[in-house]
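Below you'll find the structure, written out as structure tokens, and then a few comments.
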Amino acid sequence: CLVTGKKHGCWENPVTCEEFSAEAPSSEAERSSRSHPVALERLRCPTQDEAPKRGSTSDSAAQRSDCHPGRCLNKTVERKMSHHTGHIFLLHKHQSAFRRQLWAACVLQQRFRAQTERKTEMKHYQEVRRAVVVLQAAYHGMKSRQIIKQKHQAAGAIQRAYRAHCEHKQYLTLKSSVLTIQRRYRATVAAKEQTLNYQNMRRSAVVLQAAFRGQQVRREVTHWHQAATVIQSVFRKHREEVKYKAMLLSAIIIQRYYRACILQRNERQQFLKMKHSAIVLQAAFRGHHVRSGVAKMHRAATIIQANYRRHKHQSAFRRQLWAACVLQQRFRAQRQRKTEMKHYQEVRRAVVVLQAAYHGMKSRQVIKQKQQAAGVIQRAYRACTERRQYLKLKMSVLTIQQRYRATVAAKAQRSQYLNMRKAAVTLQAAFRGQQVRREVTRWHQATTVIQSVFRKHREEVKFKAMLLSAIIIQRYYRACILKRRDRENFLKVKQSAIILQAHFRGCCVRRDFKRQKQAAVVIQSRWRCLVQKHDFMRKREAALILQRRVRALQLGRLERNNYVQLRREARAERRLRFTSALFHHLSAIKIQRALRAHWALESAKRQIHCVVTIQRWVRAKQQRRRYLEERRKVVTAQRAAQRWLARRHKAASVLQQAVRRFLLLRRQKRVQQGIVKAQALWRGHRSRRLNDNPKVVALRHRLRKVSAEVREEDKLRNKTSSALDYLLRYKHFSYILEALKNLETATRLSPECCEQLVESGATNVIFTLIRCCNRSVPCMDVITYSIQILLNLSKYHKTTEAVYSVENSVETLLDLLQRYREKAGDKVAEKGGSIFTKACFLLALLLQDKRRAVEVMKLPKVLDKIRSIYRLTARKHKMDAERTVLKQKMNASINGSFYVPATPRKSKPPFAPDWVLRKDKLKDIVDPLRAIQMVANTLSIVL
């Protein structure tokens, strides 16, 4: 064989097929040549079976052509070489085309995978961003609700404290007014009594002198009353103005705060809507961009798949190589992702720890401030409560003492007056009555004038209030219009800013996209230039090889001619030249293959470097975007915390202002009470200096002595407690009757006793006693005192509901009316008439509320009972009226005169409790017919 050189020993470097295959580099051309067994078969040495055939063929050819055996061998070698050269050229051409397609496929696959990974990252980023937005919205909503709840609680506490303060102030003012009126009234009564004593002692004086002096005294008293009325009206006006200004200021502060909250909520909703719209637009744009990229990738993938399927039988080994590369890339990407995720987790944990520490510090500071503020408010409130209780107890003690002293003085003066009245003549009594009626007429005229002046002042105050309200409404309306204009201007500026920001951001995005596009164009141009250069180099090398082959063939022909001429002498030299040429040719092929492999490796390295650079840039962009987003979130959280702290500071300032105002008003109230007390002391001292005589001084000393000797169990509150104890514990009739008498006195004179009775649950026991009593005289006394106690409780607005809320209370009263309708009483009955009139009046008091009246109307047979009681009472009233007229006629016929003696007048118990002194309060009704009519009118029953 020519290649092995075994037959001829003239080869210097014999090379076998196995050595040639071992020395050849494992390049891409050799791998592709392994898939073509025909090329290797042609280079393979002939076997033993083929050798005789070729020898016989060459012998026959030698016999026919009569040629030399060496010449036939040269021709065979030349044919094989030319055939092998053509096959190598075709193989080289196919390999170049395959390499180009394989490179394009790798590049497209890398791009596709990078795009897929980018899409996954973008999807994950969008999910994380949506989650963060939801968490931020929930957090902001929670904080807003907490702040609004705290503000509502603070406003509720302030309102409760302010209302309690106003009620207490009003109560103290009314109480001081009552005390002043009582002092004036008692001074007036004392003056009248002294005047009467003086007139009785001056019996030697004529009637005209007594009348003139009495008229002078009454004028002075009237002047005092007018002055007191004017002072009271001016003081009440000032008090109402102060109260109105305080309420107006509180309403303005609450309105400002509420409007600020509403405006903040509206702006927050608009910001969230704009943010949601921006997110939707960004998502739509990014989705469109990603979908267009995916469409392009799909088209490129379709082309790649078509080319790939066409050359599938050539890419078995390439798939393994690609799999190894992909695994390496995935492994490196996974390792880098783990590193970045670990770093991100560490940073995130550090940020969470910092945020937790900051939030804990702020929460502790806020809690400490709240505790301090709560401690201050609690101390102030407890001090105010204790002071209020002390003042209430003090005023109760003073009231009871004054009542007792007034009662003792009234009894003494009453007895003295009765003793002195027996010595007065009838003419003096008539004259004094005439003078009193004239005085009452003048009082009525003065009252009319005062009322007209007061009503004029009230109308002026109403007009000023309406004018002030109109001015406030106009200011508010103008402020709303100005705010609306400012809001519109702000929205226009904001919209312009949004448009400018959108254009600027669009320009930035387009600029970045243009830069990326230019970079891609540069990369593509460089890559195409490199590919064209490689193609040109390969074609140039192929042309050089062909030229060398052609020149070698021409030179071989010349040498063969010389060889033919030289014959056997030059055979060894030609063989050596040919072998050296073949060796150099194979060496050149090996160098070319190594160079091309080096170029392919460099190109792949450059591509990988470009891809890695692009990936790093994209990841850096993503990291920068995440960092900016997290920074924006941190800044937003800081701003929210600062706003929250500012609102807390403002709320604390408002609370401090309210507390200071409350303390100032309390201080002013104390000063005012001190002034009133000083005035009262001075007026009492002045009145005592002007009106004192030995009898009054002695009486005062006796009262002081009695007050000093009074025992603890004689006080009204202790009597109430003992009476309640007897009522709730003992079953004996005398104890119960004595307890009811004490309770009637206590509930008539003290509101605290009324509240204590209701709190002890004695109302149920009283109604039970009423139900258990019959029509005997002791039971009627028990019912009378029980009804009077319930009547006193019903007159007090705080205990009316407790009387009505007793089970079957209305039915019990209706049964009393039905039982005692035959004993309705007369108009002059002691303590307001009989049981019937008291029960009617109590029922009318309980049904003043519309809700209670509606509930009673729904009870069965209530209307029929009231109508039947009214018919019976009206019939009996008519019979009594006829009987009275008949008696008057008989008396007139017997006495010879038609003069009807006037019934002596007695004081009627007032509608309101006895501790309330007002001229316009209702009176109790003692007429049975009027009482049942009052019940019917309360229930709107047509009789």
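The values are calculated or read from the model by the stated rules, or taken from the named source; none is laboratory data. Only a predicted model underlies this, so the values are computations on that prediction, with no experimental measurement involved. Quick reminder, even Gly has a Cβ in these numbers, built from the backbone with ideal geometry, and neighbours come from all protein chains shown. Ligands, DNA and RNA are stripped out before the accessible areas are found, and what is left, the full protein with its side chains, is counted by its heavy atoms. Shrake-Rupley method; radii C 1.70, N 1.55, O 1.52, S 1.80 Å.
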Estimated vicinal HN-Hα couplings, Hz - the stretch 158-173 in sequence order (Karplus 6.51, -1.76, 1.60; Gly, Pro = x): 4, 5, 4, 4, 5, 5, 4, 4, 5, 4, 5, 5, 4, 4, 4, 5
Mean residue ellipticity (222 nm) of the chain, computed from DSSP H runs ≥ 4 via -39,500 (n - 2.57), nearest 500: -31500 deg cm²/dmol
19 Å cut-off, amide nitrogen to a point 7 angstrom out along ILE148 Cα→Cβ, residues in the stretch 231-261: 254-261
Principal axis box of the stretch 588-700, alpha-carbon based, largest edge first, Å: 156, 16, 9
Nitroxide proxy distance, nm - points 7 Å out along Cα→Cβ at LYS876 and PHE431: 4.8 nm
Carbon + sulfur, % of accessible area of the chain - ligands and nucleic acids excluded, 1.4 Å: 60 percent
Point-charge dipole on Cβ atoms (K/R +1, D/E -1) for the stretch 370-494, about Cα centre, debye to 20: 360 debye
Pairwise Lys count, the stretch 370-494 - Cα closer than 21 Å, eight or more residues apart or different chains: 4
From phi via Karplus (6.51, -1.76, 1.60), per-residue ³J(HN,Hα) for the stretch 659-668 in Hz, x at Gly/Pro: 5, 4, 5, 4, 5, 5, 5, 5, 5, 4
Length-normalised contact order of the stretch 701-781 in % [C-alpha pairs under 8 Å, at least 6 apart]: 24 percent
Relative contact order of the chain, defined on C-alpha pairs under 8 angstrom at six or more residues apart (%): 10 percent
Cβ crowding within 10 Å averaged over residues, with 630-636, 704-710 ranked highest first: 630-636, 704-710
Heavy-atom surface of the chain, accessible at 1.4 Å and reported per residue (Å²): 71 Å²
For the chain, fraction of C-alpha pairs farther apart than 55 Å, in %: 55 percent
Volume of the Cα convex hull of the stretch 370-494, divided per residue and given in Å³: 141 Å³
Karplus 3J(HN,Hα) series, Hz, for the stretch 536-543 with 6.51 cos²θ - 1.76 cosθ + 1.60 (x for Gly, Pro): 4, 5, 5, 5, 5, 5, 5, 5
Dipole of the chain [Lys/Arg +1, Asp/Glu -1 at C-beta], most positive-end residue of LEU321, ALA497, GLY214: ALA497
Sequence ranges 478-490, 523-535, ranked by mean other-Cβ count within 10 angstrom, highest first: 523-535, 478-490
Packing rank of 585-597, 854-866, where each peptide gets the mean count of other beta carbons within 10 Å, highest leading: 585-597, 854-866
